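A quick write-up on the structure given underneath.
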Amino acid sequence: MDAINKNDRFNGSFKKLIRMVVLCACGILINLGGAALAEWLELPLFLDTIGTVLTAGLGGFVPGVTVGLLSNVIKALTTDPVSIYYGFINVLIAVITAFFTQKGYLKKIWTTLLYVLIISLIGGIVSAILTWFLYGFAGEGISVPFVKYLYNNGTFNMFQAQLLADFIIDLADKAVTVIILLIVLFIIPEKVKESMWVDGWKQTPLSKEARNAARRTKNRSLSVRTRILILLMSACFLIAAASTVISFMLYRDSTIDDHIKLGEGVAYLAASVVDADHVDDYIEQGEEADGYLDIENRLYNIRNSSPDIQYVYVYKIMEDGCHVVFDLDTDGLAGSEPGDIIEFDDAFSKYLPALLAGEKIDPIISDETYGWLLTVYQPVYDSNGVCQCYAAIDISMDQLREDQHSFFAKLIALFLGFFIFVLTVGLWIAEFNIIYPVNTMATSASGFAYNSDEARMNSVERIKELDIHTGDEIENLYLALVKTTEDSMQYVADIQEHTETISNMQNGLIMVLADLVESRDKCTGDHVKKTAAYARIIMNKMKEEGIYKDQVTDEFIADVEHAAPLHDIGKIKVSDTILNKPARLTDEEFTEMKKHTTAGKEIIDQAIAIVPDSAYLNEAKNLSTYHHEKWDGSGYPEGLSGEEIPLSARIMAVADVFDALVSNRSYKKGFPFEKAMDIIREGLGTHFDPLVAQAFLDAEDEVRRVAEEHSKKYDGEVNEKQ
């Protein structure tokens, strides 16, 4: 049987996997095909998320995020490398689509409109912000003409124009996408949609109601789902943060190294064209000096060789400052004239001794008078090997700053895409492998019913029907729970059987004891059995009519019925002469007879001392002690009145008196049934609790049946003796 189940599970899992792969493949093809179609027809739409929303709407979270991420990865590897950075938008749209579909929100107009607005904001606004970081104003995409139109109109600044244009275009794109999704959801039959939804059940699938109940479990602290979410988010964030910082630093250092190499190469080239033997002539005569203009032109050619080179100049470093030898004009900024003296920037103060000594210094990065610059100084030596001046190259680092922003935006975009993907898949796996199995076990165990054999068996079957097969510690826990519950139920059944045996023995001993007392009283005629039957009738009627409903429970009824035969147990201490006197008792004899109530109390107190927690013995004590008390306080032994008298004793008072009235005694003949009922009726509110007595009267038919059965039995026994 287990082998069959394992084969069925394997086949079912394999089929689910195949369905998921096919669904994802179709979704990716639709995304890529839609994007290609929009580009081919030159439509002002993207059409690159249709497959994502269809897959998420039909298959759920995991297929949706898979299609969303892989579509952009494949597109980046084949046609558009930048697409990888927009993958997180596709993944986020998949999550939102699966959520709205699972909740049934796409069946309502206003929630559908809300869904379109949300995914348009994500696809438009978030995408516009990312595009801004990657390309700047109107740098890339189908929205460029619209962005420029909005900006040139003068109403919006560049950033606002970018946001608005991308949002409007994406709103139209997502409206088309959602319309296609709604049509597909409407056409496909419900059963087919259910079969396409990808789940990961490792147990018997739960209904929607049971699933919601499993999610709403109360916990003293954080739920497992929350802990897993925090763990996944923390792990992803820490890994991503570390990777981002390391990558960013490596990128920054690598870029700076490239700039330094460029600067050093250009500075060396510039130094090679300067004739150091005539530096003083260049300072004094400027362009009039022989060969000055030729060297200047060559320096211009060197500067123009790379867009990153911002300034090229040649300085002679002296105590009073930098004496200009050559200083090229740059972007409308005229260079200094030969012979001008430039004050030292603070960034160079620590290098002055080396510069004055004609030594070579390391490249300098400064952010002062002329912006963020990388400066490389190359000594220019004369024919005697003496440093006469320095050829300096300033490479602008502003582009590096922009590149760093773009690189950082790319890292964040990549992180978000994989973060959402890992988080979604991780929670999905945790939900089906941990959360649902554990919560359903807890729910089934907490709802275990013990009140009957059938309820217990049904509870065990419900646990077994969970069929949890995670293949790990959760499954081991489940199997242990099943075994424990089965063993416990068998143990409960054994205990119940023993308890019933003990209870029957107890009740039998009570009846033997009651019969022993009754055998001394020649006048009772099966009195204890009849009073127990009448008491049962009274209590059933009281429960039916809601009389003293807080007290008259099933347990109370059972205790009183079992204790009823002991109500006259005290008669065992009354002498046979008084107990079996064929005539009415004298006052002295009646006084002695009344002592059977207190004698009964003493006897049962001794039993309670041995079995202190017995509910039926407590009721037996009440019955034996107070069954001769009267509602108006005229009874004995203590003269209690009203509800001071225990309820069980008030019930027994009615049963005891009625049986005494209808029973034949050696000294009297029993009253007719109707006459006895009239006497009970007359005693309402004086002798008897009116509610208890009325319940007895309301059960007249049952009372008559019991009275007649015992009357026939008594008459038959008398005839046999005669």
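Near LEU356: Cβ cut-off under 14 Å, other residues only, Lys/Arg at +1 and Asp/Glu at -1. The net charge is 0. Extension gain, LEU41 to ASP346, is 103.9 nm, computed as 0.36 nm per intervening residue step minus the present C-alpha separation.
May I ask you to derive the FRET efficiency for LEU479 and GLN160 from their Cβ-Cβ distance with R0 = 51 Å, giving the value to the nearest 0.05? Once the sixth-power term is evaluated, E becomes 0.25. In this rough spin-label picture, where each label sits 7 Å from Cα along the Cβ direction, the SER634-ILE256 distance is 11.3 nm. Charges were assigned to the Cβ only: +1 to each Lys and Arg, -1 to each Asp and Glu. The resulting dipole of the chain about its Cα centre is roughly 5260 debye. So for the chain, taking the charge dipole from beta-carbon charges (+1 Lys/Arg, -1 Asp/Glu), which of VAL82, PRO637, ALA583 sits furthest toward the positive end? Sorting the options by dipole projection puts first ALA583.
Across the range 441-477, the residues whose backbone nitrogen lies under 20 Å from the label position 7 Å along the beta-carbon direction of TYR491 are 442, 444-464, 477. Heavy atoms of the protein chains alone define the surface here; on that basis the chain has 53 Å² accessible area per residue at 1.4 Å probe size.
Electrostatic bookkeeping for ALA695 treats Lys and Arg as +1 and Asp and Glu as -1; over the other residues with beta carbon under 10 Å from its beta carbon, the sum is -2. Pairs exceeding 29 Å between alpha-carbon atoms, taken from LYS529/LYS621; LYS15/LYS218; LYS581/LYS601; LYS191/LYS483: LYS15/LYS218; LYS191/LYS483. With contacts taken as Cα pairs under 8 Å at a separation of at least 6 residues, the chain carries a relative contact order of 9 percent.
Considering only MET677, HIS596, ALA649, the residue lying farthest towards the positive end of the dipole of the chain is MET677, judged by Cα position with unit charges set on Cβ. The mean sequence separation of alpha-carbon pairs under 8 Å and at least six residues apart, normalised by the residue count of the range 373-459, gives a relative contact order of 16 percent.
When the Cα positions of THR375, GLY263, PHE46 are compared along the charge dipole of the chain, PHE46 comes out farthest toward the positive end, with charges on each C-beta of Lys, Arg, Asp and Glu. Across ASP701, ASP281, the residue with the most accessible area heads the list, and the full order at a 1.4 Å probe is ASP701, ASP281. Give me the angle, in degrees from 0 to 90, between the Cα long axis of helix 453-465 and the longest principal axis of the Cα atoms of the chain, rounded to the nearest 10. Taking Cα atoms only, the helix is inclined about 20 degrees. Full extension of the chain segment joining LYS464 with LEU114 gains 121.7 nm, where the gain is 0.36 nm per residue of separation less the Cα-Cα distance. Computed from Cα atoms, the angle from the helix 61-78 axis to the main principal axis of the chain rounds to 10 degrees. With a Förster radius of 25 Å applied to the beta-carbon distance between ARG681 and GLN551, the computed FRET efficiency rounds to 0.60. In this simple spin-label approximation, ASP320 and PHE418 carry label points 7 Å from Cα along the Cα→Cβ vector, and these lie 6.1 nm apart. Which entries in LYS571/LYS630; LYS16/LYS208; LYS316/LYS350; LYS107/LYS202; LYS75/LYS148 show an alpha-carbon gap greater than 22 Å? Pairs exceeding 22 Å: LYS107/LYS202; LYS75/LYS148.
Count the net charge of all other residues whose Cβ sits under 13 Å from the Cβ of LEU37, scoring Lys and Arg as +1 and Asp and Glu as -1. Before the final figure, lay out the partial values.
Values: positive: none; negative: GLU39, GLU42, ASP48, ASP173.
Net of charged neighbours comes to -4.
Cα centroid separation, the range 159-223 to the range 18-64: 15 Å. Is the range 84-162 best put as rounded, prolate or oblate by its Cα gyration tensor, with a ≥ b ≥ c the root eigenvalues, rounded for a/c under 1.5, and otherwise prolate when a/b is larger than b/c, oblate when not? Here the range 84-162 falls in the oblate category.
Compute the acute angle (0 to 90°) between the alpha-carbon long axis of helix 436-446 and the principal axis of greatest extent of the alpha-carbon atoms of the chain; round to the nearest 10°. On a 0 to 90 degree scale, this one is about 20.
Here the simple spin-label model places points 7 Å from the Cα toward Cβ, and for THR244 and ALA76 these points are separated by 1.5 nm.
Relative contact order (percent) for the range 8-68, with alpha-carbon contacts under 8 angstrom and 6 or more residues of separation?
It comes to 34 percent, rounded to a whole number.
Think of each Lys and Arg Cβ as +1 and each Asp and Glu Cβ as -1; about the Cα centre, that makes the dipole of the range 601-677 roughly 500 debye.
Students sometimes get this wrong: rank MET489, MET158, MET20 by accessible area, probe 1.4 Å, all chains present, largest first.
Largest accessible area first, the list is MET158, MET20, MET489.
Looking at (i) 26.2, 87; (ii) 50.4, 167; (iii) 25.2, 80, which value of Rg and Dmax of the Cα atoms in Å comes from a calculation on the structure shown? Computing Rg and Dmax of the Cα atoms in Å and matching it to (i) 26.2, 87; (ii) 50.4, 167; (iii) 25.2, 80 gives (ii). Using only side-chain charges placed at the Cβ, +1 for Lys and Arg and -1 for Asp and Glu, the dipole size of the range 366-456 relative to its Cα centre rounds to 380 debye.
Our coupling estimate for the range 412-425, obtained by passing each phi through the Karplus curve with A = 6.51, B = -1.76, C = 1.60 and θ = phi - 60°, is 4, 4, 4, 4, 4, x, 6, 4, 5, 4, 5, 5, 5, 5 Hz, Gly and Pro reported as x.
The values are calculated or read from the model by the stated rules, or taken from the named source; none is laboratory data. Just so we're clear, the structure is a prediction, and the values are computed from it rather than from any experiment. Virtual Cβ from ideal backbone geometry, glycine too; neighbours counted across all protein chains shown. Please note that ligands, DNA and RNA were not included when accessible areas were found on the heavy atoms of the full protein model with its side chains. Shrake-Rupley method; radii C 1.70, N 1.55, O 1.52, S 1.80 Å.
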